[in-house]
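Chemist: Mind having a look at this structure? Questions to follow.
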Amino acid sequence: MIHSMTGYGRAVKTLNGREITVELRSVNNRFLDCTVKLPRAFSYAEDAVKQKVKQSVTRGKVDVFISVNTIEGENVRISLNRPVLEGYLNALRTIAQEYEVRDDVSATSLARFPEVFTVEKPEEDEERNTADIVSVAEEAIAVYNAMRAKEGAALAADLKNHAGIILSYVEKVETRSPVTVAEYRTRLEAKLREVLESKTIDESRILTEAAIFADKVAVDEETVRLRSHLKQLDDLLNAGGPIGRKLDFLLQEMNREANTIGSKGNDLEMTQYVVEIKAELEKIREQIQNIE
């Protein structure tokens, strides 16, 4: 199965009194670059989430956004920090007495001072919390991969279509190539008659020149290799998996063969075929940038 490097996945689940939301977004990238954004209190789960992403993704810029919201009351204990509270009271009374100002201290005003209360929370079970976050991440990754697979199937179909068009032009090149040699021989014979002003032409000389020309413009090796590359392209698309880098290398080889055919083809019609082949190769190049 082929996967696109662009995708989106989201999962929400309530576990152990917390609502956990995980979202994944990715775009094209040469290598895997995974960034996980977690609430600070749960930052210890970052590496576990990254490892889970790496099990499913080999290339792309992947951003993972995780939110954790408590929906059930935690067993939180709040108590007075008496030494601090008494210190504030004594300071306020001193102000009232020494500066003759009204003493309007109330419980509400005292509660506003920092560290008057001590908040004690139960110790976090980091292992359990990490497992909960990773389990939701797995669901989000499954949705994300399903979307990437759907886009990958569409990309594969499009690439096969372009490959089929290229193959049709390769066939035209193969058909046209012998014709160019025959046409050259006809032109050569006409030119010799014109130069020599005689109807008696050395047939062996024409054959030799035509053979030299045929050798120079022969594209049999290039078309055979191009056909082989197209077959490899089809095999890779059928095999699936992370094939983006292999396709990129294969495309370079196909471009090399097309350029060689173009440089050898001393013929307008052949040149037009090569232009069409290169146009399709460029379309393939654009598409494989999206394949993992």
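Chemist: So, of the residues in region 1-59 that are assigned to a helix (DSSP H, G or I), at pLDDT 95 or above and of a type in the set (A, V, I, L, M), which turns out to be farthest from Asn238 (Cα to Cα)?
Modeler: Going through the qualifying residues, I end up with Ala45.
Chemist: Starting from region 165-186, keep only residues that are of a type in the set (Phe, Trp, Tyr), then list their pairs with residues that are in a helix (DSSP H, G or I) and modelled with pLDDT of 75 or more whose Cβ atoms are within a distance under 7 Å, requiring at least 6 positions of separation or different chains.
Modeler: Between residues of region 165-186 that are of a type in the set (Phe, Trp, Tyr) and residues that are in a helix (DSSP H, G or I) and modelled with pLDDT of 75 or more, the close pairs are Tyr169/Tyr273; Tyr169/Glu276; Tyr169/Ile277.
Chemist: Consider Glu120 carefully, then state whether it is in contact with a strand residue (DSSP E or B) (Cβ under 8 Å, 6 or more places away or on another chain), farther than 23 Å from Leu24 by Cβ and at pLDDT below 95.
Modeler: Answer is yes for this residue.
Chemist: Then there is this: Looking at region 20-34, which of the residues that are surrounded by 20 or more Cβ atoms within 10 Å (Cβ to Cβ) and of a type in the set (Val, Ile, Thr) is farthest from Gln287 (Cα to Cα)?
Modeler: Ile20
Chemist: Just name the residue that is nearest to Ala156 (Cα to Cα) out of those in region 2-58 that are within 17 Å of the chain's Cα centre (by Cα) and among the small types (Gly, Ala, Ser).
Modeler: Filtering region 2-58 for residues that are within 17 Å of the chain's Cα centre (by Cα) and among the small types (Gly, Ala, Ser), the one nearest to Ala156 (Cα to Cα) comes out as Ser4.
Chemist: At pLDDT below 90 and either assigned by TED's automatic domain parsing to the domain that holds Val22 or more than 50 Å from the chain's Cα centre (by Cα) (or both): does that describe Ser109?
Modeler: When the stated conditions are applied, Ser109 passes them.
Chemist: Check off (1) within 22 Å of Val49 (Cβ to Cβ); (2) not in a loop (DSSP other than H, G, I, E, B) for Glu124 and give me the number that stays unchecked.
Modeler: Here Glu124 meets the rest and fails (2).
Chemist: Looking only at residues that are without any contact (Cβ under 8 Å) to a residue 24 or more places away in the chain and under 33 Å from the mean Cα position of the chain (by Cα) in region 115-141, which one is nearest to Ser56 (Cα to Cα)?
Modeler: Ranking the qualifying residues of region 115-141, first place goes to Ala131.
Chemist: Still on this model: So Lys37 fits all but one of (1) buried (at least 18 other Cβ atoms within 10 Å of the Cβ); (2) touching a Phe, Trp or Tyr at 6+ places or on another chain (Cβ under 9 Å); what number is the exception?
Modeler: (1)
Chemist: Consider Glu126 against the criteria (1) modelled with pLDDT under 95; (2) buried (at least 17 other Cβ atoms within 10 Å of the Cβ): it satisfies all of them except one. Which criterion is unmet?
Modeler: For Glu126, the failing item is (2).
Chemist: Then there is this: Please determine, by comparing only the residues of region 270-292 that are surrounded by fewer than 14 Cβ atoms within 10 Å (Cβ to Cβ) and of a type in the set (D, E, K, R), which one is farthest from Tyr169 (Cα to Cα).
Modeler: My answer is Glu286.
Chemist: Additional query: State all residues of region 1-45 that are in contact with a strand residue (DSSP E or B) (Cβ under 6 Å, 6 or more places away or on another chain), among the hydroxyl-bearing types (Ser, Thr, Tyr) and within 21 Å of Val136 (Cβ to Cβ); if no residue qualifies, say none.
Modeler: Result: Tyr8, Thr21, Ser26, Thr35.
Chemist: Where in region 166-283 are the helices (runs of 4 or more DSSP H), entirely inside, with at least 3 residues that are at pLDDT 70 or above and either in the same structural domain as Asn28 (by TED's automatic domain parsing) or not hydroxyl-bearing (Ser, Thr, Tyr) (or both)? It would help to see each step written out before you state the result.
Modeler: Values: elements: 203-217, 220-239, 244-264.
Qualifying helices (runs of 4 or more DSSP H): 220-239, 244-264.
The values are calculated or read from the model by the stated rules, or taken from the named source; none is laboratory data. Quantities reported herein were computed from a predicted structural model and do not represent experimental measurements. Ideal geometry is used to build each Cβ from the backbone, glycine not excepted, and the neighbour counts take in all protein chains shown.
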